[in-house]
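Down below is the structure, laid out as structure tokens.
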Amino acid sequence: MRLEPLSASNIVAANSLSLKPGQEQFIEPVSYAVAAEATNPTTAWQRVVVADDVVVGFIHGNFDPEAELDEFRACLWRISVAAEAQGTGVGAFAANALAEEARSRGVGRITVIWEPGPEGPEAFFHHIGFSDVGQTQYGETIGALTL
């Protein structure tokens with residue numbers, strides 16, 4: 001597996017990642033992440049995961065040390081893995097790459113926010129080392145990974 005920056009040549013593949021039934025309610029289209037990057041290109045870190053020359057994942061990290069809320073200063077904003085690639089290490093590979101990027105920037109902790117639910121990402125985030133540290137005002141879980 002390898003990472004590539006999100007670009008015009010791979011955005012269609014990233015937008016077309018298939019999900020398992022029930023997962024779509026927990027994720028926004030990649031185009032939302034692209035819009036976020038366009039509005040604040042200095043803080044967004046977006047990559048696709050490529051395996052055997054096929055895009056199998058997408059990750060959007062964000063680094064904004066000036067963010068008002070701590071959970072947005074260094075965070076995993078979004079991660080998607082194609083249904084057929086889930087459970088093969090793609091998500092962990094992408095999350096580890098984000099953690100390495102954070103370390104290279106001198107960051108000691110990254111956060112993630114997810115909506116609880118039976119088809120949601122909670123088990124995955126716990127599996128890769130995030131711990132629950134709070135909730136948003138909307139009842140979403142805030143997780144943190146100490147680096």
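Details
- Residue satisfying all of: in segment 1-22; small (Gly, Ala, Ser) and either touching a Cys at 6+ places or on another chain (Cβ under 8 Å) or within 14 Å of residue 90 (Cβ to Cβ) (or both); modelled with the lowest pLDDT among these: 18
- The set of residues from segment 89-121 being out of contact with any Phe, Trp or Tyr (no Cβ under 9 Å at 6 or more places or on another chain) and among the basic types (Lys, Arg) comprises 103, 109.
- For residue 70: the one exception among (1) in contact with a Phe, Trp or Tyr (Cβ under 6 Å, 6 or more places away or on another chain); (2) over 27 Å from residue 9 (Cβ atoms): (1)
- In segment 91-121, residue surrounded by the fewest Cβ atoms within 10 Å (Cβ to Cβ) [restricted to those that are at pLDDT below 95 and out of contact with any Gly (no Cβ under 7 Å at 6 or more places or on another chain)]: 118
- Residue in segment 60-83 that is out of contact with any Pro (no Cβ under 8 Å at 6 or more places or on another chain), assigned to a helix (DSSP H, G or I), among the aliphatic types (A, V, I, L, M) and surrounded by 19 or more Cβ atoms within 10 Å (Cβ to Cβ) present: no
The values are calculated or read from the model by the stated rules, or taken from the named source; none is laboratory data. Computed from a prediction, not measured in an experiment: that's the story for all the values here. FYI the Cβ positions are ideal-geometry reconstructions off the backbone, even for glycines, and counts take in every protein chain you see.
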